[in-house]
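Trainee: Supplied in structure tokens, the structure appears directly below.
Throughout, read-outs are computed from the coordinates displayed, never taken from laboratory work. None of the values given here were measured: they were computed from a predicted structure. Neighbour counts are summed over all protein chains in view; Cβ atoms, including those assigned to glycine, are modelled from backbone coordinates with ideal geometry.
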Amino acid sequence: MGYVDALREVSREGDQYSWWPDNEQAEMLNLGWRFDYQILTPGLRRFVRSARLPRQPRFSQHAPLIVDYDWTLTI
């Protein structure tokens, strides 16, 4: 298929999770799962500038996946 994970395109760090069980110890030990993805076609991989899963501020059990792309939309 050739699809690309936007976060892994720019970051090879391990233990990057987007969800943790509802207890403080799981978050402190970073025992989570990765549920949130932005999946790209191979042609879009070169436009990924940065991607991150910020853990703070924390509003729920999920962390947002934020991806910045280097492109201009034209209409």
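Trainee: Shape call for the chain from the C-alpha gyration tensor, a ≥ b ≥ c root eigenvalues: rounded (a/c under 1.5), prolate (a/b greater than b/c) or oblate?
Mentor: Working: a/c = 2.77, a/b = 2.05, b/c = 1.35.
Since a/c reaches 1.5 and a/b is larger than b/c, the shape of the chain is classed as prolate.
Trainee: Say R0 is 22 Å: what FRET efficiency, to the nearest 0.05, do Arg45 and Arg12 get from their beta-carbon distance? Working shown, then result.
Mentor: Numbers: r = 14 Å, r/R0 = 0.65.
Step by step, r from the Cβ atoms, then E = 0.95.
Trainee: Can you give me the long-range amide H partners of Gln38? Hydrogens built in the peptide plane at 1.01 Å from N, cutoff under 5 Å, separation of 5 or more residues or another chain.
Mentor: So Gln38 has HN proximity to Ala6, Leu7.
Trainee: Which value at 222 nm does the chain reach when only helices count, each DSSP H run of 4 or more adding -39,500 (n - 2.57), with the total divided by all residues and rounded to the nearest 500 deg cm²/dmol?
Mentor: Working: 2 runs with 10 residues, N = 75.
Estimated from H runs of four or more residues: -2500 deg cm²/dmol.
Trainee: Using a 7 Å offset from the Cα along the Cα-to-Cβ direction at both Arg52 and Trp19, what is the distance between the two label points in nm, to one decimal?
Mentor: Calculated label separation equals 2.4 nm.
Trainee: A follow-up question, please. Compute the Cα gyration tensor for segment 7-46, then decide on rounded, prolate or oblate, letting a ≥ b ≥ c be the square roots of its eigenvalues: rounded whenever a/c is under 1.5, prolate when a/b is larger than b/c in the other cases, and oblate in all that remain. Don't skip to the answer; put the middle values down first.
Mentor: On the way: a/c = 6.02, a/b = 2.54, b/c = 2.37.
Note, shape of segment 7-46 comes out prolate.
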